[in-house]
Every structure is written in C-alpha cells, then in structure tokens.
Amino acid sequence: MQARTLEGVYGRPVVIDTCTDCKGLWLDGLEGLQLSPGAVLALLKVIDDPTRSSAVPVAEVKACPRCRDLLVAVQDRQRSTAFRYDRCPSGHGRFISFFQFLRSRNFVRELTEDELRDLRTRIQSVNCSNCGAPVAVARESCCAHCRTPISTVEPGQVRVAIEELERAEAARHELDPALPLTLLQQRAEV
C-alpha cells in the first residue's frame, strides 16, 4: 500500500493507505470521516488513474495490517446506498475497495427492479464492478462471489456528487465569522 497525505476537515492532514493493485483503501480509525471534500476529489483521481496496474484479486480472508487480526465483514448504508467493507475487530481501521468507497460517497447506485428486468432481456452476463466475477443476470441480481448488487454509474449522478464535493470544498475556504461558535457547538455535540 502507498501512504497518501490528504487534507482533512479543519485543515488537519489525513494519511490514507491506497493500493492500486488490489483497488483498495485502508482507513485507520475515523479517517474516512475526516476527509475534506477536496480530499475525496483527490481520491477520485487515484481511483480513475488510467496508468494504474491491472487488478490483483484481494484475499477472501484479510488481516489487519496493524495487529494481524482477521478482518470482519461489515454492511453499512450512506444515504440510500448500501456498501461493504472489512474492519479490524480491535478498532485499528478498515479496508474498503475502490468500488465500495464510490458507493459510500454516492457515486454508484443499485439498479431498480425495472432496470434489472430490462437488463435481463438484453444481456446474459456482466462482470461484477467490485471483484470482477461473472454475474448471470438472468438468475442473480448480485455477485455470487462478493454479494455486491448489480450497480450502475450514471454520468448525471457522478456530476451531481462531484458538484456537491466542489461546493463543500469551496465553502470550507470561505471565512466564517461564526467558526469559533460552530466549533464549540460541534465539540459539545461530540
């Protein structure tokens, strides 16, 4: 994995470990929540890098790089999109594939029943966007290997998500006279 220093919220640096070979991210502790919108945009460039090597399959049984404990599979939800990752039971962090990271940031969505029905009339099989395994569309609506639902990346959806991140990043750089009060309120909430 390659360590990448990205900007976090409140200007603090966040070091994310990325692996372009296995197409995954290792996030220590709460690093995923600490990423600034600009950092998420920077990670999109890493994910979309056309010069990266071809994918190497990730072992089904993964271990924490800090303590070597076996990682535990977790299902989570952000907005209306479900996604998966593997977390360290000792709390050292989590491994998430590039595809699942995109799902967690609202770039990818599951197909509706109507879209699945239409796909089944035209296509016999697709490759899983997460692990690359073949999915027999006529019989399955998710990958039999990694259980990722058949999903789609819509250009309009991607544009909306990028615009949200760009607006949030621009707002971070505007001087807010109420910032000290906001920080006190957020600290009290935590």
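Give region 1-54 a look and list any residue that's assigned to a helix (DSSP H, G or I), without any contact (Cβ under 8 Å) to a residue 40 or more places away in the chain, among the small types (G, A, S) and surrounded by 13 or more Cβ atoms within 10 Å (Cβ to Cβ), or say none.
Within region 1-54, A39, A42 qualify.
Count, please, the residues in region 112-133 that happen to be of a type outside the set (D, E, K, R) and over 18 Å from the mean Cα position of the chain (by Cα).
10
Considering each residue of region 148-172, count those that are open to solvent by 60 Å² or more (accessible area, probe 1.4 Å), of a type outside the set (A, V, I, L, M, F, W, C) and modelled with pLDDT of 75 or more, and give that number.
Counting residues in region 148-172 that are open to solvent by 60 Å² or more (accessible area, probe 1.4 Å), of a type outside the set (A, V, I, L, M, F, W, C) and modelled with pLDDT of 75 or more gives 6.
Would you point out which residue out of A144, A138 is farther than 23 Å from K23 by Cβ and among the small types (G, A, S)?
The conditions single out A138.
In this structure, does C143 turn out to be modelled with pLDDT of 80 or more and in contact with a Cys (Cβ under 6 Å, 6 or more places away or on another chain)?
It is true that C143 is modelled with pLDDT of 80 or more and in contact with a Cys (Cβ under 6 Å, 6 or more places away or on another chain).
Would you check which residues across region 107-139 are under 20 Å from V74 (Cβ atoms), open to solvent by 30 Å² or more (accessible area, probe 1.4 Å) and not in a strand (DSSP E or B) and list them?
Within region 107-139, S129, N130, C131 meet the criteria.
The values are calculated or read from the model by the stated rules, or taken from the named source; none is laboratory data. What you see is a predicted model, and the numbers here were worked out from it, not measured in a lab. Reconstructed Cβ throughout: ideal geometry from the backbone, glycine too, with neighbour counts over all protein chains shown. Heavy atoms of the whole protein, side chains included, go into the accessibility calculation; ligands, DNA and RNA do not. Shrake-Rupley method; radii C 1.70, N 1.55, O 1.52, S 1.80 Å.
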